[in-house]
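The values are calculated or read from the model by the stated rules, or taken from the named source; none is laboratory data. Fair warning: this is a prediction, and the values are worked out from it, not measured in the lab. Neighbour counts run over all protein chains shown; Cβ positions are idealised from the backbone, glycine included.
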Amino acid sequence: MLDAMASAPLGDDVLGDEPTVRALEERVADLLGKEAAVFVPSGTMANLTALLSQTRPGDEVIAEPGAHVLNYETAGYAGVAGLAFRPAPATSGRMEPRAIAGLVRSSDPHFARSRLVLVENTNNAAGGVFWLEPELKAVAEAAHEAGLRVHLDGARLWNACAATGSSPARFARHADTVSVCFSKGLGCPAGSAVAGDAETMHAARRYRKMLGGAMRQSGVLAAAALHALDHHVDRLTEDHARAQKLAEMIESAEGLTLRPADRRTNMVYFDVDPALGSAGAFCKRVDDRVRMLAAGPTTVRAVLHLHVDDDALDRVAAALRS
Ligand SMILES: *Cc1c(COP(=O)(O)O)cnc(C)c1O
């Protein structure tokens with residue numbers, strides 16, 4: 001990846017002549033079956049530019065309450081885009097398609113304007129679990145029938161594809177806009193993309209500039225993403241297999257309670273018996289051997305990725321036992 005970054009042809013993406021960024025944007029649009037894509041620094045900005053491009057302040061977004069956009073993006077949907085949020089019932093992050101119509105507001109002037117349905121695949125907070133393509137299709141169809149747009153937060157769409165065998169485009173065709181990350185599981189230092197129709201992506205490009213996300217010789221980052229698409233996508237199934245192994249280790253570890261995940265990909269959530277201390281204290285105690293995230297007072301999140309091989313997993317097991 002470093003070699004690819006060091007040898008990438010560079011230009012200036014603010015001036016629109018960055019050859020490596022352009023190549024990446026074309027590649028991503030193609031992969032997702034969309035007219036255009038825009039390279040952005042982060043998944044947060046990918047989601048925010050997608051929302052800004054398809055809504056007006058005061059509009060309402062239908063989403064399940066655990067969505068990353070609602071919980072872990074500094075409420076930019078509200079603070080920057082001026083959007084309200086209407087919670088949709090969901091199981092393991094997957095919404096019930098039949099519930100969508102009932103959540104859409106009438107045009108009565110008392111109400112916000114329903115504008116967009118947000119879905120997340122894989123769903124982070126529910127345990128990194130994936131939707132099947134027909135499930136996503138059903139929710140998107142319900143949204144489109146009601147005249148709403150659909151945004152797919154696909155920060156980990158690659159993992160959903162690895163788990164289901166569906167192509168990125170098969171999921172993406174149900175959404176008007178899609179965000180994908182090259183960081184996270186694909187192992188890039190930074191970089192995400194948002195994709196959609198040409199008109200929406202023209203707007204997204206303007207919002208990227210407004211938010212300060214237009215970069216100059218960003219081909220160094222796009223080269224990393226191109227390398228990751230070539231070399232780090234097919235191996236994601238290894239992460240999933242190791243996550244399954246880790247889940248089994250945790251299930252048999254005294255004092256740790258595995259959070260069940262019906263369709264696990266590369267994440268393992270578990271709870272720490274308070275007698276062993278808080279989740280934060282627990283993570284600190286093993287931090288010299290394995291770094292995990294305290295996702296709540298008792299909850300720990302472990303994520304498998306390309307820097308964790310089988311040997312590393314053995315060391316994780318030893319650290320957990322100790
Ligand atoms: C990480 C993540 C994001 C945000 O990505 P950043 O690059 O950290 O801004 C968005 N959505 C989901 C589901 C994520 O897991």
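Mind checking whether some residue in the range 198-213 is closer than 21 Å to residue 36 by Cβ, surrounded by fewer than 18 Cβ atoms within 10 Å (Cβ to Cβ) and touching a strand residue (DSSP E or B) at 6+ places or on another chain (Cβ under 7 Å)? Yes, that holds for at least one residue. In summary, residue 126 fulfils each of the numbered conditions (1) surrounded by fewer than 24 Cβ atoms within 10 Å (Cβ to Cβ); (2) in contact (Cβ under 8 Å) with a residue 60 or more places away in the chain; (3) outside any loop (DSSP other than H, G, I, E, B); (4) hydrophobic (A, V, I, L, M, F, W, C) with the single exception of condition (3).
Applying the condition of being within 16 Å of the ligand (Cβ to nearest atom) and hydroxyl-bearing (Ser, Thr, Tyr) to the range 89-127 and asking which residue is farthest from residue 57 (Cα to Cα) yields 92. Of all residues in the range 280-291, one or more are within 25 Å of residue 228 (Cβ to Cβ) and surrounded by 14 or more Cβ atoms within 10 Å (Cβ to Cβ). The residue of the range 173-197 that is nearest to the ligand (Cβ to nearest atom), among those that are assigned to a helix (DSSP H, G or I) and crowded, with 24+ Cβ neighbours inside 10 Å, is 185. Residues that are in a helix (DSSP H, G or I) and either free of Cβ contacts under 8 Å to residues at least 60 places away in the same chain or surrounded by fewer than 24 Cβ atoms within 10 Å (Cβ to Cβ) (or both) were ranked within the range 53-68; the one that is farthest from the ligand (Cβ to nearest atom) is 54.
Residue by residue through the range 285-305, note down the ones that are farther than 30 Å from residue 161 by Cα and modelled with pLDDT of 95 or more.
297, 298
Whether any residue in the range 133-152 is surrounded by 17 or more Cβ atoms within 10 Å (Cβ to Cβ) and within 12 Å of the ligand (Cβ to nearest atom) is what I want to check. Scanning the range 133-152, I find at least one residue that is surrounded by 17 or more Cβ atoms within 10 Å (Cβ to Cβ) and within 12 Å of the ligand (Cβ to nearest atom), so the answer is yes. Within the range 210-217, is even one residue in contact (Cβ under 8 Å) with a residue 24 or more places away in the chain, within 16 Å of the ligand (Cβ to nearest atom), at positive phi and assigned to a loop (DSSP other than H, G, I, E, B)? Checked against the condition, which is being in contact (Cβ under 8 Å) with a residue 24 or more places away in the chain, within 16 Å of the ligand (Cβ to nearest atom), at positive phi and assigned to a loop (DSSP other than H, G, I, E, B), the range 210-217 yields no hits at all.
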